[in-house]
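To start, the structure itself, in structure tokens.
Just so it is clear, none of the values below were taken in a lab; they were calculated from the coordinates. Values in this document were obtained by computation on a predicted structure and should not be read as measured data. Heads up, the Cβs are rebuilt from the backbone with ideal geometry, glycines too, and the neighbour counts pull from every protein chain shown.
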Amino acid sequence: MTRGDSLSRRLLAWLLVPLLVLGSLMLLQAWFEARRTADRAFDRLLEAASLAIAEQVQWQDDRLWLDLPPAALEMLATDAEERVFYSLVDHRGRLITGNAELPGDAREAPSDDDTLLYRDIAWQGLSLRQGVRRTRLEEWQLREPFEVRVAHSREGRDALAAELWRANLAMILAMAALAIVALLLSIRTALAPLTRLRRAIRSRDPRTLAPLELRLPRELAELRDTVNDLLARMRRVRANQERFIGDASHQLRTPLAGLSARAELALRQEDPARWREALVAMQATSTRTARLAMQLLSLTRLANPEYRPELAPLSLNVLAREAVREHWSSCHRSGVDLGVASAAADVEIRGIDWQLAEALGNLIDNACRYGARHVTIRVGEAPPSLAVEDDGPGIPVARRTLMLRPFHRDRDDLEGSGLGLAIVDGIARTHGAHLAMSEGAGGVGLRVTLRFPGETP
Amino acid sequence: MTRRGPTRTSPIRCAGCWLLALLLAVPLALASRAVHAAPSLHYPATAGGDAASPLVIHGALDLPQVRPLLDAFHRDHPQFAIHYRNLSTLALHERFLGAPAEADVLISSAMPWQYRLANDGWAQPLETPAARRWPAWARWRSELFAVTFEPIVMVVNEAIIARFGEVRSHADLLALLERRDETLRGRVVTYDPAISGAGYTYAIEESRLSPRYWELVAALGEAEAALAGTTGEMLEGLIEGRYLVGYNLLGSYARERLADQPQLRIVVPEDYTLVTQRLALIPRQAPHPAAARRFVDFLLGERGQSVLARETPLGALHPALEGPGTAAALRRRLGEALRPIALGPGLLATLDDLKREALLTRWRREFLRRERR
């Protein structure tokens, strides 16, 4: 497991990135909000100061007159000691009085009455907030509009905005820290069962195939059950292997013990004719034993799930005829009539000829051994199939499946190994074919059919 | 930096005219002008080598008063070649607007002018420990510093006290004037606010303090008080015996001039005493800002302030200094009665043309009330 591909990192990244983006947005928003709030608070000062000035405006000596109240200017300066500017302008834009020629505000007033417009201006290199009050002098005969323009520098606003923002910043940071801690804890808690599962698997005895007993959340319980299923299958496979090995040793031991007994008996004799007799018998036994070993070997190979042989196209008719040719003489010797019923058309499948020949051989051998008089090899067309039919005693339906197990024999017989049908079954599986057992023609005997998959090529 | 040329001062052009008319020799400069013909001082740099730098100071501060300060500074920092020009407050202001990059330090008692310069952004900040420790009421931002503490006083002839009793406060003065005694007719003197910038500033401050100020103006008018343009003029008249009572004189000058005049008593009013302050600033375009910062820092430091307290009548402001000639001593004596002129935007109102016109109209009306009757 590389560090870069850890689940908890992935989770953390996917949760943290949106969290950080969200946090930054909140900070940005808090900053704008703080500025807005500070401006709102300090704009009241512009409002009050401009009102205090406007109230002192009079009409005197045929012109606008202002007795400037110092308090109006002092109002504009807070503890931050802002720079303060004011001017009184008549309706033609002429400066009546003031300490600065502040610019006008071109915006339309929302109404003709007393209105106040705020805006940020840059004036003489200073960054100012300006309030322009448009109002009019109303006397008996007179309607004289005028503007009071006041402005101050931004120190107080900036200080308040910064203070508000810092308070927000502290809160947002605390929340972020809390969220990150909660995130780390929850990721750790959520992934803890995974760690437990890993530990449970790692700490197991490598030879044990017992199922995992572990309480896990649903998602992981499914994984645990899957692992347990696999383990169960492995247990069955191993049990099969153990039984096979036991049976195989037993099978090999019996002829070897026979050989040994026979040799011992012969050694007690002095007559070379007896020796010869014994040697003949021993040769037959050892031949059988060699065949048994061969069968065991091929069965082992067939049972290997990684064995993937090359399949080649071959003709079933040819295969059946060659089997008859090979086995006819030995069958004839034991008085069995071997025949072939090939298909009308040529039936081709993909397969391994020597394996199928072996399967046919085994089936013919079995039929001969268990007392059949007539044995027929049949080739089917749709689906492609090979069948060996005899008129022997047959196998009861209930026991047919048992016959496919290695070393299972229907009755005591010393000749057979009990491997024949198991090998045929293995070969059928290698070819993806289905092995079926049924009664022979006329309800007697046994018919073993290999049904190959697919169509006729 | 050519942020603003002098031509931009049009709104205050008119204010300039009136000040020009009267501040030509603001009282401060006058007292000793006869004695010192050359209104400037030079100190050559005597040490420092590479660190040597000129330092140009423009001040509305007479040479006898500024000399101890410059002596002490030059002793401490001989690397500076100091050039001090003594100017009237108006000349100083006009000269600065004409050549804002000429002086390194401006010191002036015209508080509204100095405040206005700083408010308009002409000053540069001074960030030194001494500047940061400076009392908040005596500075504006870190650009404008009040360095002196000078009460506005009355001067009363002992003969008046002997005849009418003690005059300790504005109320006493008002009571004295309201006796309408013939001895006082034409023998009271005060500033003419119409021609004196200082007088106008005091009038505005006093009228803000109490509406009873107008009663006092009316009483002064009734006594046919003489109106003078400077403290110096008033002091001359008092010493010569032309006047018996002087109202609103600059305490620092009175103290110096009247030291050998036992018949004249300086009265620091008990009910309220205006306190004026000289304001120092470093122009943004100062040609030698480092030297300027060193000098203002010296002015605000304990050393400069103790020189001010001991060797000048100006009054030291430093909170750590005690004893005669300090704000602390004055405060202990007068307590709450001290009214330093606030260093704030209210000063800008003082410079408003219409405001000035309104106040002078009112003043004239009150002063001439008797004639109308």
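Coupling constants for the range A:35-50 follow from the phi torsions by the Karplus curve (6.51 cos²θ - 1.76 cosθ + 1.60, θ = phi - 60°), and in residue order they are 5, 4, 4, 4, 5, 4, 5, 7, 5, 4, 5, 4, 5, 5, 5, 5 Hz; glycine and proline get x.
Peptide B:355-363 has a mean shielding of 3, counted as Cβ atoms of other protein chains within 10 Å of each residue's Cβ. Calculated FRET efficiency, B:Ala47 to B:Glu102, Cβ-Cβ distance, R0 = 22 Å: about 0.30 to the nearest 0.05.
Each Cα pair under 8 Å and six or more residues apart adds its sequence gap; the mean of these over the residue count of chain A is a relative contact order of 10 percent. For B:Ala81, nonlocal amide neighbours, meaning residues 5 or more places apart or on other chains whose placed amide H falls under 5 Å from its own, are B:Ala45, B:Ser53, B:Leu55. Close amide-amide hydrogen proximity is noted between B:Tyr272 and B:His170, each under 5 Å apart and 5 or more residues distant or on a separate chain (H modeled in the peptide plane; Pro and chain starts excluded). Seen against the Cα atoms of chain A and their longest principal axis, helix A:420-430 is set at about 30 degrees.
Phi-derived couplings, Karplus 6.51 cos²θ - 1.76 cosθ + 1.60 at θ = phi - 60°, listed residue by residue for the range A:195-201: 4, 4, 4, 4, 4, 4, 5 Hz, with x used for Gly and Pro.
How large is Rg over Rh for the range A:218-303, taking Rg from the Cα atoms and Rh as the Kirkwood inverse mean of 1/r across Cα pairs? Walk me through the numbers on the way to the answer.
Working: Rg = 22.5 Å, Rh = 16.3 Å.
Using Cα coordinates only, the ratio equals 1.38.
Hydrodynamic estimate: the Kirkwood radius of the range A:3-162 over Cα pairs, inserted into Stokes-Einstein at 10 °C and 1.306 mPa s, corresponds to D of 87 µm²/s. Amide H to amide H distances under 5 Å link A:Gly339 with A:Val375, A:Thr376, A:Ile377, where only residues 5 or more positions off or on other chains count and H is placed in the peptide plane.
Remark: the range A:170-178, residue by residue, has Karplus-estimated 3J(HN,Hα) of 4, 5, 5, 5, 4, 4, 4, 4, 4 Hz, where x stands for each Gly or Pro and the curve is 6.51 cos²θ - 1.76 cosθ + 1.60 at θ = phi - 60°.
To two decimal places, what compactness ratio does chain A give when its Cα radius of gyration is scaled by 2.2 N^0.38 Å? Can you show the working numbers first?
On the way: Rg = 52.7 Å, N = 457, 2.2 N^0.38 = 22.6 Å.
That ratio works out to 2.34.
Remark: mean inter-chain Cβ contacts per residue of A:97-108 equal 3, using a 10 Å Cβ-Cβ cutoff to other protein chain atoms.
Using the Cβ-Cβ distance between B:Arg362 and A:Glu55 with R0 set to 25 Å, the FRET efficiency from 1/(1 + (r/R0)^6) comes to roughly 0.85. Working from label points 7 Å from Cα in the Cα-to-Cβ sense, the B:Ile239 to B:Glu270 distance is 3.0 nm. Helix B:13-23 and the long axis of chain B differ in direction by around 70°, with both axes built from C-alpha atoms. Against chain B, whose longest principal axis comes from its Cα atoms, helix B:231-240 is set at around 50 degrees.
Based only on other Cβ atoms within 10 Å, what is the fewest-to-most ordering of A:Ser249, A:Ser342, A:Ser8?
Values: A:Ser249 10, A:Ser342 18, A:Ser8 13.
Sorted ascending by nearby Cβ count, the order is A:Ser249, A:Ser8, A:Ser342.
Here the convex hull built on the C-alpha positions of the protein assembly as shown has a volume of 370 cubic angstrom per residue. Across all C-alpha atoms in chain B, the radius of gyration and Dmax reach 20.6, 73 Å.
Using only alpha carbon pairs under 8 Å that are at least six residues apart, calculate the relative contact order of the range A:218-303 and give it in whole percent. Mind showing how you got there, number by number?
Details: 23 pairs, mean separation 24.2, N = 86.
RCO, the range A:218-303: 28 percent.
What fraction, in whole percent, of alpha-carbon pairs in the range A:349-408 exceed 19 Å separation? Before the final figure, lay out the partial values.
On the way: 703 of 1770 pairs.
Percent of Cα pairs beyond 19 Å in the range A:349-408: 40.
Working from Cα pairs under 8 Å separated by at least six residues, relative contact order for the range B:188-293 is 28 percent.
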